[in-house]
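Visitor: Below you will find the structure I want to go over with you.
All of the numbers you see were taken from the coordinates with simple rules; none came from a lab. Note that the structure is predicted; figures quoted are calculated from it, not measured. Neighbour counts run over all protein chains shown; Cβ positions are idealised from the backbone, glycine included.
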Amino acid sequence: MADPAPQLDTPTDLNRNDTRTVADALNTALADCFALYLKTKNFHWHVSGPHFRDYHLLMDDQATQILEVTDAIAERVRKTGNTTLRSIGDVGRRQQIRDNDQEFVTPDAMLAELREDNLKLVETLRDTRERAEAAKDTATSSIADDWIDQAEERAWFLFEASRKA
Ligand SMILES: [Fe+2]
């Protein structure tokens with residue numbers, strides 16, 4: 001990551017190189033949140049079948065929760081003197097969670113894919129948390145715990161909703 005423009009160089013007592021490592025991980029997590037937000041909305045819009053109402057509403061709740069996290073992630077990056085995402089193109093270059101542009105996806109496949117994606121996000125957030133601890137950026141590591149808890153909850157709901165008995 002390049003040095004921020006001088007006007008964007010927020011004062012911080014944390015080590016610049018350390019926070020840059022954290023910011024890189026945060027920006028990856030942010031791109032993944034936007035990718036996961038849109039995929040969750042995509043499935044909310046295109047889900048079909050006998051469980052339509054349950055799945056449609058579950059995915060909407062989850063999309064709202066994911067979108068709420070994005071602002072907090074981006075602002076942690078700025079508070080530690082680094083810069084964050086600026087565009088959908090930026091998201092596309094950084095996201096690790098893959099898009100799903102298929103014409104039709106079965107409800108079971110939707111639940112399974114979102115569950116895996118949320119667990120992938122958990123991995124990225126754990127990595128972010130470890131880097132934050134190493135950088136003595138305790139504010140990031142403690143708030144990352146909440147984001148991890150929420151992603152694990154989403155994976156749990158998706159798992160339970162997919163059970164057949
Ligand atoms: Fe909707």
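Visitor: For the range 10-21, check the following and say yes or no: at least one residue is over 22 Å from T138 (Cβ atoms) and crowded, with 20+ Cβ neighbours inside 10 Å.
Guide: So in the range 10-21, the residues over 22 Å from T138 (Cβ atoms) come out as none.
No, the range 10-21 contains no residue that is over 22 Å from T138 (Cβ atoms) and crowded, with 20+ Cβ neighbours inside 10 Å.
Visitor: In the range 116-142, which residues are over 13 Å from the mean Cα position of the chain (by Cα) and assigned to a helix (DSSP H, G or I)? If you could, list the steps in order and put the result at the bottom.
Guide: Quick first cut of the range 116-142, residues over 13 Å from the mean Cα position of the chain (by Cα) only: 129-142.
Of everything in the range 116-142, those that are over 13 Å from the mean Cα position of the chain (by Cα) and assigned to a helix (DSSP H, G or I) turn out to be R129, E130, R131, A132, E133, A134, T138, A139, T140, S141, S142.
Quick grid of which residues meet (1) more than 26 Å from H44 (Cα to Cα); (2) polar (S, T, N, Q); (3) without any contact (Cβ under 8 Å) to a residue 40 or more places away in the chain; (4) surrounded by fewer than 15 Cβ atoms within 10 Å (Cβ to Cβ):
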position	(1), (2), (3), (4)
V77	yes, no, no, no
D101	no, no, yes, yes
L125	no, no, no, no
R131	yes, no, no, no
